[in-house]
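The values are calculated or read from the model by the stated rules, or taken from the named source; none is laboratory data. Predicted, not measured: the structure shown is a model, and the values here were computed from it. Ideal geometry is used to build each Cβ from the backbone, glycine not excepted, and the neighbour counts take in all protein chains shown.
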Amino acid sequence: MRKFFSTLMTWLDRLRRTLVNGLFVVFVLLFIVAIFSEQSQMPESGALVLNPKGAIVEELEFSAPSLLPLQSSFGAPEQTRLHDLVRVVRHAADDERIRMMVLKLDEMGGAALPKLQELRGAIESFKASGKMVVAVGPNYSQTQYYLAATADRVFLDPLGVVAIEGFSIYRNYFKDALKKLDVDVQLFRAGEYKAAAEPLVRNDMSKEDREANKVLLGQLWSAYKNDISALRNIKPERIQQVLDHPSLYLAQHNGSLAELAKAEGLADQLASPGGIESYIAGAMGVESGDYPSVDFKEYLAVIGDQPETMQDNRIGIISASGMILDGKQPAGSVGSTSMLEMLAEARRDPAIKAVVLRIDSPGGSAPASEMIRSEILRLKAAGKPVIASMSGMAASGGYMIAAPADEIWASPTTITGSIGAFGVLANVGKGLEKLGVHSDGLGTTSVAGGVRADRPLPDELKKVIQLSVQYVYSRFLGLVSTDRGIEPAEVGKLAEGRVWTGLDAKRLGLIDSLGGFDDAVAAAARHAGVESYSAVWITPPQSFREMLMMKLLGSADAMITQVLGGDPFTGMTAVTKAAPWLQEVRQLGQLLAFSSNQPALFTVCNLKVSP
């Protein structure tokens with residue numbers, strides 16, 4: 001028997017070594033493939049295929065992918081960086097090798113309107129260079145169509161659809177569900193419009209939230225219609241009329257959504273993929289249907305991630321993209337420690353003459369936000385101007401870190417404001433008692449052990465938390481008043497947790513100017529008193545291990561997606577198709593985890609509140 005187990009253990013050890021060595025070889029091969037895949041073949045004369053994948057974001061979210069398909073699909077989503085797209089398009093405008101641009105948008109996900117407007121500006125500059133832009137796709141979502149509308153010619157499949165439907169805000173509300181699960185949620189807030197945690201304590205949208213959202217959606221929808229009107233020469237009133245009575249107009253085209261889109265001027269030509277390929281080849285003077293091309297990522301690899309920079313007179317760009325959290329955080333979140341390191345680097349570098357803080361954040365931890373604000377003031381005290389450039393959203397803590405800037409720039413459709421504070425605590429004690437799990441004990445004060453998920457919150461501690469939330473709100477009002485030079489009483493009228501569009505924020509004095517990223521960079525150079533300059537992105541330092549993991553595991557995820565296969569019409573795997581619904585569950589979990597563990601973790605010694 002002893003010999004049997006000895007032999008078994010020997011074989012198990014050999015198997016373990018074989019598996020470990022095999023995985024190592026696979027990783028090395030994946031790394032080699034990833035490196036050589038970037039050695040792109042650039043045609044001497046061809047088309048740039050702009051084919052963004054996933055959501056368009058300010059900063060790519062980094063989450064080490066997994067070799068497990070399910071975990072891979074629900075980890076960091078596929079994304080494309082806005083500034084990479086803009087850089088590629090602008091570079092291609094002056095590149096004689098690029099004859100035209102093909103917008104292939106079927107794998108593109110969501111994007112805030114300000115980001116689409118930034119990219120639209122780059123595409124229009126490309127067209128101004130005399131080069132043609134063609135949009136192709138079997139279908140267009142509302143987001144995809146915004147970019148497609150910038151093209152000289154929009155192609156649509158004969159069975160396709162331009163899925164413009166307008167803007168809406170619908171949420172799942174969990175009050176009854178949490179009650180059935182015996183989860184008691186306590187919400188503390190300052191600001192009657194502060195609605196971020198309402199889904200946890202209500203079954204419907206509050207009157208205040210409905211009021212603010214109605215104004216917000218109206219302005220965003222008006223901007224979208226006006227932009228499409230300018231790009232496609234369609235009256236905004238006509239777009240509204242068709243979308244208010246779609247069945248009436250669809251019946252006039254025998255139920256063909258594609259014919260309706262063409263008749264209304266949204267599409268120029270209905271054609272199959274083969275017909276589209278032939279058109280593009282003909283426009284380039286190529287006889288065969290296969291036209292020479294280079295896609296977005298290949299072209300980015302050819303031109304490099306960042307442009308040549310001057311040794312002196314640099315404008316530093318720092319991205320604050322994602323939820324604001326304490327400590328050091330990966331890309332896709334705004335960590336207080338990470339931001340302080342980048343701001344300190346800009347302060348110490350004599351070549352950096354000014355800084356543009358590019359913000360795309362819904363807010364987060366109040367202590368983290370105030371730490372970042374303090375370092376911005378320190379940067380300004382060192383004689384370096386700071387310009388805030390708001391992207392899709394700079395709300396709550398995102399607005400707090402923008403407020404001390406020398407100038408704040410935002411798009412008319414940026415979502416900003418939300419000057420308020422809240423905290424959430426969830427209690428599962430009743431549910432545990434039903435399972436036979438009871439909590440008992442004693443403490444030395446009335447609040448000792450009060451913040452537990454398995455015990456009701458003591459009344460005394462409820463008062464402490466509400467007073468603390470009110471204090472954070474009052475301090476927030478004071479900081480905005482000081483930074484923006486607005487009387488405290490006036491700030492109070494603009495606050496209450498209400499969100500505003502950039503258009504309203506400019507009128508109310510919450511921001512200084514309406515404009516995009518380039519306008520903010522030019523403002524930074526003007527404040528620094530430099531005419532000739534280069535913009536350089538300041539990023540957190542990465543270890544070799546982190547860079548290796550991003551490269552190697554990112555390639556592994558891409559290969560897994562190919563192995564799993566996808567829908568021939570959408571390119572989505574079966575797992576990916578389930579993600580939109582499951583995202584609701586994920587968001588609920590993030591909100592509970594965020595509220596319980598990060599900005600709203602209440603203790604007597606260390607009170608944290610989310611602005």
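I need the full set of residues from segment 183-225 which are in a loop (DSSP other than H, G, I, E, B), under 25 Å from the mean Cα position of the chain (by Cα) and of a type in the set (A, V, I, L, M, F, W, C), in order please. If you could, list the steps in order and put the result at the bottom.
Let us first name the residues in segment 183-225 that are in a loop (DSSP other than H, G, I, E, B), namely 183, 191-197, 202-206.
So of that shortlist, the ones also under 25 Å from the mean Cα position of the chain (by Cα) come out as 193-197, 205.
The answer is Ala195, Ala196, Ala197, Met205.
Given (1) within 28 Å of Leu119 (Cβ to Cβ); (2) in contact (Cβ under 8 Å) with a residue 60 or more places away in the chain; (3) in a helix (DSSP H, G or I); (4) not hydrophobic (A, V, I, L, M, F, W, C), identify the lone condition not met by Ser229.
Every listed condition holds for Ser229 apart from (2).
Of everything in segment 148-159, what is over 14 Å from Ile276 (Cα atoms) and touching a residue at least 60 places away in the same chain (Cβ under 8 Å)? Give them in sequence order.
Ala149, Thr150, Leu159
Just checking: which of the strands (runs of 3 or more DSSP E) contained wholly in segment 290-378 hold 3 or more residues that are within 18 Å of the chain's Cα centre (by Cα) and closer than 29 Å to Val530 by Cβ?
Values: elements: 293-295, 314-321, 352-361.
Output list reads 314-321, 352-361.
Would a scan of segment 263-272 turn up a residue that is in contact with a Phe, Trp or Tyr (Cβ under 7 Å, 6 or more places away or on another chain) and at pLDDT below 90?
Within segment 263-272, none of the residues are in contact with a Phe, Trp or Tyr (Cβ under 7 Å, 6 or more places away or on another chain) and at pLDDT below 90.
Examine segment 49-66 for a residue that is within 23 Å of Ile303 (Cα to Cα), part of a helix (DSSP H, G or I) and modelled with pLDDT of 70 or more, and state whether such a residue exists.
Scanning segment 49-66, I find no residue that is within 23 Å of Ile303 (Cα to Cα), part of a helix (DSSP H, G or I) and modelled with pLDDT of 70 or more, so the answer is no.
I'd like the full set of residues that are touching a helix residue (DSSP H, G or I) at 6+ places or on another chain (Cβ under 6 Å) and within 29 Å of Gly364 (Cα to Cα), limited to segment 427-456.
Val447, Gly450, Asp454, Arg455
Take Leu479 and tell me if it is in a helix (DSSP H, G or I) and either within 26 Å of Glu59 (Cβ to Cβ) or within 29 Å of the chain's Cα centre (by Cα) (or both).
It is true that Leu479 is in a helix (DSSP H, G or I) and either within 26 Å of Glu59 (Cβ to Cβ) or within 29 Å of the chain's Cα centre (by Cα) (or both).
Being outside any strand (DSSP E or B) and on the phi > 0 side of the Ramachandran plot: is that true of Gly383 here?
For Gly383, the condition - outside any strand (DSSP E or B) and on the phi > 0 side of the Ramachandran plot - is met.
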